[in-house]
Amino acid sequence: MTEAVAQNRLDVAAVRAQFPALHQLVNGRPLVYLDNAATTQKPASVLRALTAYYEQDNANIHRGIHTLAERATRSFEATRLTVRDFLNAPSETEIIFTRGVTESINLVASSWGRSQLQPGDEILISGLEHHSNIVPWQLIASEKGAVIKVIPVLNDGSLDMASYETLLSPRTRMVAFNHASNALGTINPAKALIDLAHRAGALVLVDGAQAASHLKVDVQDLGCDFYCISSHKLYGPTGVGVLFGKRHLLDQMPPYQGGGEMIREVSFNGTTFNDPPYKFEAGTPNIADVVAFKEALDFLKNLSDFNFRSHEQNLLDTFCREVSANKRVRLVGTSADKVSVQSFVIDRVHHFDAGQMLDARGIAVRTGHHCAQPLMDRFELEGTIRASFAVYNTVEEVHELVQGINWITKFVP
Ligand code: PMP
C-alpha cells in the first residue's frame, strides 16, 4: 500500500499511469494537458474496452438472439445501470443514451418544447450558458412563439439570484441552466434554482456537462426534471451522452426521432411507440462507446474512495494564488464556489497568441469564447484563456503553467 493510499489521499502518479496520452512530448516538452473542460483524456481501461468490444462482441443490440448479440446487448445495458447509479436515478428507464449534452438538450427542446409550449410561454436560461443550452431553446421558442428570458450574471461570475426570483412567473414553463459553467467554473446553486422554479410551476433542465466529473450528482436529491451529461468530459469516449428525465415526463413526451427500436408496432396506417428509454433511442446506437463509457464511470467510482475533489480544488487554488502575483493577469470568474476551471486574460496579449505561446511549451489550454459568446459580451471580452484541471493534473503542472504565463508577459512587454 502506498503512503497516499494509506492516508486516503489521491495517488496522482498512479492515476496518471492509467492515461497513455499524458505521457508524450509536445513541441519537445512533456505534455501539460489543461484543456479538460473541452474533453478529458481516457484511461487505458476505456481504450481496452473499445478494442475488446470490436474484437469479441461486435453485434447489433436488442434484436439478435445469437450469442454475440446477447453479449453486446448485455454490455450496453450494463452501462445504463451504471449511469443510473452514477446519477442516483430511480430507474434505468429514465436513462436515455444520446450523442452528448448537445443532443440531450435538443431532445428535450424538440420533444417537450414542441408538444408543450404555447405562444407567450417563457423559457428561463442563465447568462452563463454554453451555446448548446441557448440555441435549441431559441429554435423551439421561435417556432412556438415562446419567449426566452435570461438570469443575469454578477461580476464574480455567479448568478443574480434576486433577479432570478423576479423573472420567475406563472408564464415560466422551463428553467435551463448549467450545474457548473464551462467558461468560468462557477458552480450554480442548483437545488435553490430548482426549488424556486418548481414553486413557480416550471420544469428544470440541468446541463451537467462540467459538473459530473467534479461534483457528486444525485438527481433525486436535486429534484431536477432533466439532467444531461457527456461521456467525453467524464474520461469516457466521444459520441455518447445521457439524458436523465423523470419517467412521467418521458411517458408524456413524443418521440424525438423515428426509426428502428423506438417502435412497438408499425403498419402503414400508423405506429405505436416503445416505452422509455427506447422510445427516444431510434436506430443503432453508438454501442462500442456506450460499452466503454462504463469503464470511465467505474474509474470515477474507484476514485471517489479518495478525496479527489480536494486535489482538484488545490490545483485551482494554487494556480489562482500563484498567477495573481503577475499584475498583468486578470482572473475572470472569481465566485466562491467553483469547479477546477479558471478563465483569465493577460493585459496587452491576445488570448490566441497566449495559447500558441503556451503550446510551444507543451501546455494545452483553451482560448476563445468557449461557446459562451453572450457571457463574454457580459464581461466585455472577445475571449479568455482557460485552464481546466482534471484529477490527473499535478501541482508541478500548475507551476509550469504559471511559469509559461510569466514568460509570456516578459516576452511581450
Ligand atoms: N454544456 C457545457 C457547459 C459544456 O461545457 C459543453 C461542452 N463544451 C456542452 C454543454 C456541450 O457538450 P457536448 O459538446 O458534449 O454535447
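Within segment 323-336, is even one residue among the polar types (S, T, N, Q), modelled with pLDDT of 95 or more, assigned by TED's automatic domain parsing to the domain that holds residue 368 and under 24 Å from the mean Cα position of the chain (by Cα)? The answer is yes, given that some residue of segment 323-336 is among the polar types (S, T, N, Q), modelled with pLDDT of 95 or more, assigned by TED's automatic domain parsing to the domain that holds residue 368 and under 24 Å from the mean Cα position of the chain (by Cα).
Filtering 233, 216 for residues that are surrounded by fewer than 24 Cβ atoms within 10 Å (Cβ to Cβ) and of a type outside the set (A, V, I, L, M, F, W, C) leaves a single hit, 216.
Just one residue in the set 104, 111, 75, 91 is under 17 Å from residue 146 (Cβ atoms) and of a type in the set (Gly, Ala, Ser); that residue is 111.
Here is a yes/no grid of residues against (1) open to solvent by 30 Å² or more (accessible area, probe 1.4 Å); (2) within 16 Å of the ligand (Cβ to nearest atom); (3) in a helix (DSSP H, G or I); (4) in contact with a Phe, Trp or Tyr (Cβ under 8 Å, 6 or more places away or on another chain):
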site: 318; (1), (2), (3), (4): no, no, yes, no
site: 356; (1), (2), (3), (4): yes, no, yes, no
site: 371; (1), (2), (3), (4): yes, yes, no, no
site: 374; (1), (2), (3), (4): yes, yes, yes, no
site: 382; (1), (2), (3), (4): yes, no, no, no
site: 398; (1), (2), (3), (4): no, no, yes, yes
site: 403; (1), (2), (3), (4): yes, no, yes, no
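Filtered by the rule that a residue be of a type in the set (A, V, I, L, M) and either more than 15 Å from residue 372 (Cβ to Cβ) or touching a His at 6+ places or on another chain (Cβ under 7 Å) (or both), segment 140-179 gives 140, 141, 146, 147, 148, 154, 161, 162, 167, 168, 174, 175.
Would you confirm whether any residue within segment 286-298 is in the same structural domain as residue 399 (by TED's automatic domain parsing), surrounded by fewer than 21 Cβ atoms within 10 Å (Cβ to Cβ), at pLDDT 95 or above and assigned to a helix (DSSP H, G or I)? There is no residue in segment 286-298 that is in the same structural domain as residue 399 (by TED's automatic domain parsing), surrounded by fewer than 21 Cβ atoms within 10 Å (Cβ to Cβ), at pLDDT 95 or above and assigned to a helix (DSSP H, G or I).
In segment 67-83, the condition of being among the aliphatic types (A, V, I, L, M), surrounded by 16 or more Cβ atoms within 10 Å (Cβ to Cβ) and out of contact with any helix residue (DSSP H, G or I) (no Cβ under 8 Å at 6 or more places or on another chain) is met by at least one residue. One residue stands out in segment 36-64 among those that are under 28 Å from residue 282 (Cβ atoms) and among the hydrophobic types (A, V, I, L, M, F, W, C): the one that is farthest from the ligand (Cβ to nearest atom), namely 59.
Consider segment 40-66 and keep the residues that are of a type in the set (A, V, I, L, M) and in a helix (DSSP H, G or I). The one that is least open to solvent (accessible area, probe 1.4 Å) is 46.
Out of curiosity, is residue 93 under 26 Å from residue 340 (Cα atoms) and either out of contact with any strand residue (DSSP E or B) (no Cβ under 6 Å at 6 or more places or on another chain) or part of a helix (DSSP H, G or I) (or both)? The answer is no for residue 93.
Name the one entry in 409, 367 that is of a type in the set (S, T, N, Q) and either surrounded by fewer than 16 Cβ atoms within 10 Å (Cβ to Cβ) or part of a strand (DSSP E or B) (or both).
From the options 409, 367, the qualifying one is 367.
On the given criteria, is residue 96 more than 20 Å from the chain's Cα centre (by Cα) and buried (at least 18 other Cβ atoms within 10 Å of the Cβ)? For residue 96, the condition - more than 20 Å from the chain's Cα centre (by Cα) and buried (at least 18 other Cβ atoms within 10 Å of the Cβ) - is not met.
Residues in segment 178-200 that are hydrophobic (A, V, I, L, M, F, W, C) and under 13 Å from the mean Cα position of the chain (by Cα): 180, 183, 187. Looking at segment 247-284 only, could you name the residues that are acidic (Asp, Glu) and farther than 20 Å from residue 100 by Cα? If the condition is that a residue be acidic (Asp, Glu) and farther than 20 Å from residue 100 by Cα, then 251, 265, 275 are the ones that fit.
The values are calculated or read from the model by the stated rules, or taken from the named source; none is laboratory data. Please read all numbers here as calculations on a predicted model, not as lab measurements. Please note: Cβ atoms are built from the backbone with ideal geometry, for glycine as well, and neighbour counts cover all protein chains shown. Surface accessibility is based on the protein's heavy atoms, side chains included, excluding ligands, DNA and RNA. Shrake-Rupley method; radii C 1.70, N 1.55, O 1.52, S 1.80 Å.
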